[in-house]
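Take a look at the structure below.
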There are 4 protein chains.
Amino acid sequence: MASQKIGECDYVLLCLDTRRTYMLKVETGKTFHTHKGYVKLDELIGKEFGVAFQSSLGIVFTALKPTLEDYIMKSSRKTQITYPKDIALIVMFSGIGSGSRVVESGTGTGALTTALAHYVKPEGRVYTYELREEFQKNAEKNLKRTNLLDYVELKSGDVTAGIEEREVDAVVLDLAVPWLVVPHAYEALKPSGTIVSFSPTIDQVVKTVEALQENNFVFIETIECMMRAMQVARGKTRPHTMMTGHTGYITHARKAVKTRQETPEKPA
Amino acid sequence: MASQKIGECDYVLLCLDTRRTYMLKVETGKTFHTHKGYVKLDELIGKEFGVAFQSSLGIVFTALKPTLEDYIMKSSRKTQITYPKDIALIVMFSGIGSGSRVVESGTGTGALTTALAHYVKPEGRVYTYELREEFQKNAEKNLKRTNLLDYVELKSGDVTAGIEEREVDAVVLDLAVPWLVVPHAYEALKPSGTIVSFSPTIDQVVKTVEALQENNFVFIETIECMMRAMQVARGKTRPHTMMTGHTGYITHARKAVKTRQETPEKPA
Amino acid sequence: MASQKIGECDYVLLCLDTRRTYMLKVETGKTFHTHKGYVKLDELIGKEFGVAFQSSLGIVFTALKPTLEDYIMKSSRKTQITYPKDIALIVMFSGIGSGSRVVESGTGTGALTTALAHYVKPEGRVYTYELREEFQKNAEKNLKRTNLLDYVELKSGDVTAGIEEREVDAVVLDLAVPWLVVPHAYEALKPSGTIVSFSPTIDQVVKTVEALQENNFVFIETIECMMRAMQVARGKTRPHTMMTGHTGYITHARKAVKTRQETPEKPA
Amino acid sequence: MASQKIGECDYVLLCLDTRRTYMLKVETGKTFHTHKGYVKLDELIGKEFGVAFQSSLGIVFTALKPTLEDYIMKSSRKTQITYPKDIALIVMFSGIGSGSRVVESGTGTGALTTALAHYVKPEGRVYTYELREEFQKNAEKNLKRTNLLDYVELKSGDVTAGIEEREVDAVVLDLAVPWLVVPHAYEALKPSGTIVSFSPTIDQVVKTVEALQENNFVFIETIECMMRAMQVARGKTRPHTMMTGHTGYITHARKAVKTRQETPEKPA
């Protein structure tokens, strides 16, 4: 792992408490102002990540080294981010690991791209397609911040017209019309490779599952994941009042090799 | 990635449909019997993963290359496995990736160990502690099957008495008394390192959160994740009737470096 | 309320513990056998409801007076029952109370009919339609057991062809094609009256909501309710592992009086 | 049921769409202003409930007759209201119906009191205890609005010191220390009567369940209910993004009659 000393241009996650955290770039002469006093960021240079220190008002902050989840949650956004809970499951269902080659579309904020790159590095590669230039530029900025840009190829093509890569391990879809990409994903994937699609609506799910069934994918499953935070304190423990009730459904499947006498997958 | 041709001694996931899959080792002369006819496994040797083929009764099976999730779901069990949904979130919260060094306890079935090894390989390492020899042997078998044993050190020590490693990136706990391990996890972790604990009961969560607060951990959060599968078919789409309502709560936090004038983390 | 003494022909709920309860009719000479010994039911006659007593093996049972929920859970079934959690919400959304007149279709097991009758008695009336004679007979048996048959009119007509009643307070639907009944429900209802529909699939919900929008219903809402039981014991409290993940969606709306210049209800 | 013509001093629920509804008292000379134009309320007098009419800007509103749920949702609040989903289940578990006698504590906003009165009228009675005079006055106002005050006795006593009523059908608790009321509820209840307790925290649940076990209650169960609204529109159907993740746990049980040789209820 990289050195744990905070250096010029490193990102730190300033943590006041669980609900108040700030992602900042450490730069000489930069001051960060909060309602709990100000913090001189260059005083952090040379300290180790994890150091606790005081603001001008004597309030203790901790300067954490950002994790993948922190980078996801603090992505600069031009559109809705994919949530860590969904990203974690998409990564698991995709089966990827260090060395995998994966196609993604669309790039969006780059939050999911960041996670894919994090898990396939250093030998793997993420090929991510995005049509809107403004989104691509923003995603590039987010990837640079995490030092993961080297593992990513940002592409501008239209995946509903085709995917250029071949023999990839996984195809990950988070776009409005995943069913139109399914035949191209089949061409791009290795035999037995995985496809994972994230969609907010039921209609998208039904069309995608039908496209998977028609294109010789098997082991098709759709799930949704509800995450609820707990308020933990002796004698007062309870789930939080508000939660995100829905982000989207995750559908995943595997590429089977076409044979002459095939039986279609029955609906799950 | 490894070659996609099925070889002698490779594991395959025979897939009849989404609900009926079988993890098998390919061996010369071995036959697998199902109520849909038998399958001669050595006929798969030399075929590519993903191949569809027929049983003796003409039913089509697909021979998939097992993914991490398949290995987790098909672990040989001496105890309760950790579920893929929880493993996915534990991995995300731990912040680990290729090259990370992580301590785990207890080893249990080795399902979580398998996932940790999968994500830290090839340069990283998992140090996993288990007191019950029978569990350790079973976990070793599961890890061998996935070719991940090289990245794992199976240890027999009692983590409530101490952890030998130092400067690790993450500590992952799935045992009955996580709160007793928290002070040792603090010693083992790099500054800013992550701790993640999985527990079925509220009481374990409260004690663990208190131990984290007392031991200078910050950014403490507890969540639970409910996953529900969908039955997808045009005109008949609906969530499945039965679901797993609870597996456990996941608590995660970060190591702060002790200072003289500290303020305790407020309960989340 | 009725006398609390147990009489010949009364129903009792024999309760061994929370998971083992038995609905029985008290009859002279009748014996009830369990793996915890046998119970002579006529010994209960003249005792008060709530009495604890011993089986032949000295195990303590309690003879409870069945509540509405007990009658629902112990309905004799020819088809899927509606769950108490859903019945409770259907009743709430229907707005009914003592004196209300309500149309129901289909009768099914009569579980929902039982609840509707319970809440509209003694002056109100439930008009319940069922095409399958076998279901109607079974429902009649369930209603007799609860002494609620006097408040119910069991009807055999086809509600997709029309509803005979007029100026009813509520229409409650639990059948395969609720959208076909919506125009007839409009005719049957008082102005401002409520319609509540229970359906397992998304497709049924979409068609029903569209029919409501087209037929001058307003204040349209669809919800689902997930109920999870807790395992409560000091130091070991946690949600139960298994839960019912889905029963159905509940859609409810209100009859608006048609005007010449109307604006359609926007989708919720 | 009461006449459906709108009269002076009647309450109406003005409904613009599902998300924008307003509870108003119809009074001569009163005008209601919205961002969609103003509405002269006295023009509604003599019209039937359910009538659609236009605001000064030509926008269509519907004047609905408020249901129990509307009154609950639009309660004047000095404290947190109990949600309709929880009230519906509390009523179901309590087993009450027309004619029942029920004790409640605390009165709070009177939302639950309103529901209890609605279901026990006209012959039943709700005895509701509240220590804070300000809450009691507010609850009285809410009950007057629904014409249910005749079925309610507002009391100021401290239920942790005792309950005056005897032989009641149900005791319903929504206060901070329900376990202190359990012995008094036992005294107040008929044999086989029901107790239902609503609490936000796990700790309250554990203490209440223990008190029920120690005080000869049986058939003890604790559940929580999560309700999620759907956004229904052809091709775009999905659950809403935000939901209330937690309101409280509902514990219910039944009074058994003490015997000499009793066996304690095992934890559920």
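No lab work stands behind these numbers, since they all come straight from the coordinates. Everything numeric here is computed off the predicted structure, so don't read it as measured data. Don't worry about glycine lacking a Cβ; one is built from the backbone with ideal geometry, like all the others, and counts go over all protein chains shown.
Shielding by partners for C:244-254, please: the mean number of other protein chain Cβ atoms within 10 Å of each residue's Cβ.
5
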Requested in this report: Mind sorting A:Arg234, A:Arg254, D:Arg125 by how few other Cβ atoms lie within 10 Å of their own Cβ, fewest first?
Outcome: A:Arg234, D:Arg125, A:Arg254
Query raised in the report: So what are the ³J(HN,Hα) numbers for the stretch A:179-189, from phi and the Karplus equation (6.51, -1.76, 1.60; θ = phi - 60°), rounded to whole Hz, Gly and Pro as x?
Result: 4, 6, 8, 4, x, 6, 4, 4, 5, 6, 7
Query - Mean-position separation - Cα centroids, the stretch D:129-143 and the stretch B:16-90, in angstrom - result: 65
Query raised in the report: Roughly speaking, what is the centre-to-centre gap between the stretch C:216-232 and the stretch D:210-259 when only Cα atoms are used, to the nearest Å?
Result: 11
Query raised in the report: Amide H to amide H, which residues 5 or more places from D:Gly245 or on other chains are under 5 Å from it, using H placed in the peptide plane?
Result: A:Met242, A:Met243
Query raised in the report: Can you pull the mean other chain C-beta count within 10 Å for peptide A:14-20?
Result: 5
Query raised in the report: Taking R0 as 25 Å, what's the FRET efficiency between B:Glu123 and B:Glu164 from their Cβ-Cβ distance, rounded to 0.05?
Result: 0.80
Query raised in the report: Based on DSSP H runs of at least 4 residues, each adding -39500 (n - 2.57), what is the mean residue ellipticity at 222 nm of the protein assembly as shown after dividing by all its residues, to the nearest 500 deg cm²/dmol?
Result: -7000 deg cm²/dmol
Query raised in the report: How well do other chains shield peptide D:204-211, expressed as the mean number of their Cβ atoms within 10 Å of each residue Cβ?
Result: 4
Requested in this report: Could you tell me the distance between the Cα centroids of the stretch A:164-204 and the stretch B:178-199, to the nearest Å?
Outcome: 38
Report summary line: Taking R0 as 56 Å and r as the Cβ-Cβ distance between B:Thr241 and D:Tyr38, the FRET efficiency 1/(1 + (r/R0)^6), rounded to the nearest 0.05, comes to 0.65
Report task. Could you size up the charge dipole of the protein assembly as shown around its Cα centre, putting +1 on the beta carbon of Lys and Arg and -1 on that of Asp and Glu, and report it in debye to the nearest 20? Result -> 0
Report summary line: Rounded to the nearest 0.05, FRET efficiency between B:Met73 and B:Ser156 (Cβ-Cβ, R0 22 Å) equals 0.25
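Among D:Met242, B:Met92, what is the fewest-to-most ranking by other Cβ atoms within 10 Å?
Going from sparsest to densest Cβ surroundings: D:Met242, B:Met92.
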Query raised in the report: Each residue of the stretch C:67-76 in turn: what ³J(HN,Hα) in whole Hz from Karplus with 6.51, -1.76, 1.60 and θ = phi - 60°, glycine and Pro shown as x?
Result: 9, 3, 4, 4, 4, 5, 5, 9, 4, 6
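Given D:Lys5/D:Lys121; A:Lys144/B:Lys121; B:Lys36/B:Lys141; C:Lys25/C:Lys137, which pairs have Cα atoms separated by over 26 Å?
Over 26 Å Cα-Cα: B:Lys36/B:Lys141.
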Report summary line: Site A:Val177, offset 7 angstrom along Cα→Cβ, radius 14 Å on amide nitrogen, limited to the stretch A:111-132, gives A:131
Report task. Neighbouring Cβ atoms within 10 Å as the yardstick, rank C:Tyr22, C:Tyr129 fewest first. Result -> C:Tyr22, C:Tyr129
Requested in this report: Name the residues whose placed amide hydrogens come within less than 5 Å of the amide hydrogen of C:Gly193, ignoring near sequence neighbours (fewer than 5 apart) on the same chain.
Outcome: C:Lys255
